[in-house]
Amino acid sequence: MDVPRTPPPAAAARTLAIAGMNCASCVAHVEKALLRVEGVQAASVNLATETATVAAPATVPLSALIAAVEKAGYAVRREALELDIEGMSCAACVGRVEKVLQRVPGVVTANVNLASRRAHVELAGGVPTAALVAAVQKAGFGAKPAAEVSEGAREAEAAAEEAALRRAVWIAVALTLPVFVLEMGSHLIPGMHDWVMATIGHRESWLLQFVLTSAVMFGPGLRFFRKGVPSLLRGAPDMNALVAVGTSAAWGYSVVALLAPGLLPAGTVNVYFEAAALIITLILIGRLLEARARGKTSDAIRRLMRIQPRTARVRRGGPTGAEVVELPIAEVAVGDVVEVRPGEKVAVDGEVVEGASFVDESMITGEPVPVEKGAGATVVGGTLNTRGAFAFRATRVGADTVLAQIIRMVEAAQGAKLPIQARVDKVTMVFVPVVMGLAALAFLAWLLFGAAWLPAEVPVLSFALVNAVAVLIVACPCAMGLATPTSIMVATGRAAQMGVLFRKGDALQLLRDAAVVAVDKTGTLTVGKPQLTDLVVAEGFARAEVLASVAAVERRSEHPIAEAIVVAARAEGLALDEAEGFEADAGHGVSATVAGRRVEVGADRLMRRLGQDVGVFADTAARLGDEGKSPLYAAIDGRLAAIIAVADPLKPTSVAAVKALHALGLKVAMITGDNERTARAIARQAGIDEVVAEVLPDGKVAALRRLAGRGEAGEAAGRRVAFVGDGINDAPALAEADVGIAIGTGTDVAIESADVVLMSGDLMGVPRAIALSRATMRNIGQNLFWAFAYNSALIPLAAGAFYPAFGLLLSPVFAAAAMSMSSVFVLGNALRLRRFGAEAPAAG
């Protein structure tokens, strides 16, 4: 007998953009890799267009195709798109939008943020934006590309939404108050019931409540039905559906009791109009408070966007030569010379060409002290000129400026999902259907078995209905969707204000678990360039005289040590005479005649050759040796004049930063290519626990694995390690570490290998970032407790589980208040992170 075969699923063509191919052999490799993926029916790769067309059913995930290409040694080009999403109200909405976006062919990942109401979509292959928008709209939400919406439009939209909610709240309160007074006042105020019966009448009172509650339900409360009913019909109920079902049940039962009481069992003819009206009013109040608080979570981004001035004073050629014209910031081009007066903001990034001033860069770096700027110095758009006037040549404009990059980084970090969010998402996707099931179960349980537990005068049907409504209302998942993203948004915004940029949101969680902080030496712990640190003169010589003479000789040398001595002399305002007869003796030193005097500078072996006894400086030389410094000596006219040390000194805050890391319970290690003696001397000064010296950049990766307790291949999990470096020579180590932290100068923020960028060179940013990470994760834990444990703990109370033993119940009205307050608490708790201090963090 022939057994009918199931036809294979229909294949759909998918196009991937492939990077890294350069010959026919590459084409064959990619095609083979794709054909090995289970379910792929055909694969064709075009070298000229650098694309691969794959025929595979929808059941074959795009991620499997990408993984196959990458395993073969090639890359799939990806694009990122941000969408503004409208109409989301809870975690269930987030899950629904993510699901429909991920079903669009060509979408790799989709992350939706309820707090910012934005979706970050990663695409492989040409995916029309219209297809993404259509998918979201089909799910019952609105969508538009974020790039097409200005920040001003977003603010206006948020203000309009808040105004509409405020109007709805006032209308709902005005309509609900008489209902509450008529129904609840009769129970709470002595004599109120008799007065209502005598003046209004029993049935008339119910009719009035019906009219007013209907006005609340289908006036201000209509928003819940517009969203909730379609989501129910699609089989994807959300928070609006719970409110719609709960209030409809209370309202519908009351309407039957009012208009057709004969349909209800004897003794169950009661109305619950006040419950339906109060639930909607309380939830609207919660939404209004939520909208206000959510607006504050984006304050940091808005402040960053307001930093840049709207216009710039630009020199342009005119009939009388160069003229200064005021132009919109968008019209400033690279190469334009821009003038800045005292008190004005720098328009774009550039290099000073004339004038000098002090510029307040605190809005970018977090450093409060203004920085001196002169010819050749770099300036950053958005910083404030405090005094003095200068002109600079624009080097970066528009989206290329440091400020624009900072905003992009903060927005990306705010939209990221922490690893903990993945577990939350799994729960929220089934939470609403489970709650509806529990409400139905509570209703049936009380309806069937309630008579055994209830007093004879309490109607079972209405009691069961009230408990079911309370379950539906108390468990709305609004707070669940806000618990994690609001904390991330506030924390990353606060970090940006302190000069700490989280390029990747998950670094917030990973930093919390760091046990070891490994730091590079040069430019991270130390200043990064040689400086004159010591100059001790012999008896009979003046310090300024010796320094001026030595600097005059060293000015003819190109050695970095020589440059440091010259810079120190100029910083002290010393006049340098011309050096004549300059001679350099490799391995020994230099000599010349300055103002008629013979000046010789070099190592101790040069002094011995000259017959000088350096023993007089033995104690100083020993101290310098302990500090990892190699001393130089100077002789003037045949007499030993001074001992000199030039070194790369510790930054002023490095010791405090290491102490702060220790206070947080962290081990601090230093990984450097310097010699062991110098490295250990620096480590002693800074208070570092462990030193790994004389390693090349690729050796730093192996050192990190050893510190983490992992194998050479990094296969075994160990301690989490954060690495702090300059982001250039340390790129392999930054990529290998669990969290890579790049020290920037405020102008080099595009460090692709780092997870976190410190805008200033201050190492104190590291303990601040770690302390903020810990505070954020604590905050998220508190939010999740209130979002899950608090609401879930109230479900049994709302269902009446404690009534038989303790006589405890939760009214639907109090359930609505509790649900609304959980969302407000989560937002308020997240906003506490705005007060996180920039001072040295304490332990824990």
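The values are calculated or read from the model by the stated rules, or taken from the named source; none is laboratory data. Please read these numbers as outputs of a predicted model, since none were measured by experiment. Cβ placement follows ideal geometry from the backbone for every residue including glycine, while neighbour counts extend to all protein chains displayed. All accessible areas refer to the heavy atoms of the entire protein, side chains included, with ligands and DNA or RNA removed. Shrake-Rupley method; radii C 1.70, N 1.55, O 1.52, S 1.80 Å.
Rounded to two decimals, what is Rg over Rh for segment 205-270 when you use alpha-carbon atoms and the Kirkwood radius? My calculation puts Rg/Rh at 1.06.
Would you list which aspartates and glutamates come within 13 Å of Lys629, measuring only between C-alpha atoms, while excluding same-chain residues fewer than 8 positions from it? In chain and number order, the partners are Asp534, Asp648, Asp674, Glu676.
When the solvent-accessible area of the chain is split by element, carbon and sulfur atoms take up 58 percent of it, the probe being 1.4 Å. Only one residue of Ala356, Leu447, Val410 has its Cα farthest out toward the positive end of the dipole of segment 339-489, where Lys and Arg carry +1 and Asp and Glu -1 on Cβ, and that residue is Leu447.
Could you provide, to the nearest whole Å², the per residue accessible area of the chain with probe 1.4 Å? Don't skip to the end; give the middle numbers.
Numbers: 36560 Å² over 844 residues.
For the chain, the solvent-accessible area averages 43 Å² per residue.
Full extension of the segment from Val527 to Ile66, taken as 0.36 nm per residue of separation minus the current Cα-Cα distance, would add 161.6 nm. Evaluated with a Cβ-only charge set (Lys, Arg +1; Asp, Glu -1), the chain carries a dipole of roughly 2320 debye about its Cα centre, given to the nearest 20. For the chain, the residue among Ala679, Ile307, Ala634 whose Cα projects farthest onto the positive side of the dipole built from Cβ charges is Ile307. Kirkwood-type hydrodynamic radius, the chain: 32.4 Å, calculated from all non-identical alpha-carbon pairs.
Take the residue pairs Lys71/Lys700; Lys373/Lys529; Lys426/Lys700 and return only those whose Cα atoms are more than 31 Å apart. Those over the limit are Lys426/Lys700.
Given C-alpha coordinates of segment 550-632, what is the ratio Rg to Rh with the Kirkwood estimate of Rh?
On the way: Rg = 13.4 Å, Rh = 13.7 Å.
Using only Cα positions, Rg/Rh for segment 550-632 is 0.98.
Loop-located GluC sites (Glu not before Pro) across segment 537-620 with a Cβ neighbour count of 16 or fewer within 10 Å are Glu539, Glu558, Glu572, Glu578, with loop assigned by DSSP.
The Kirkwood radius of segment 622-704, taken over pairs of alpha-carbon atoms, gives through the Stokes-Einstein law at 20 °C and 1.002 mPa s a diffusion coefficient of 146 µm² s⁻¹. Cross-link partners for Lys227 among the lysines, with Cα-Cα distance under 18 Å and sequence neighbours closer than 8 places in the same chain left out: Lys99, Lys138.
Helix-only estimate, please: 222 nm mean residue ellipticity of the chain, summing -39500 (n - 2.57) across DSSP H runs of length 4 or more and dividing by its residues, to the nearest 500.
Taking each H run of at least 4 residues, the total per residue is -15000 deg cm²/dmol.
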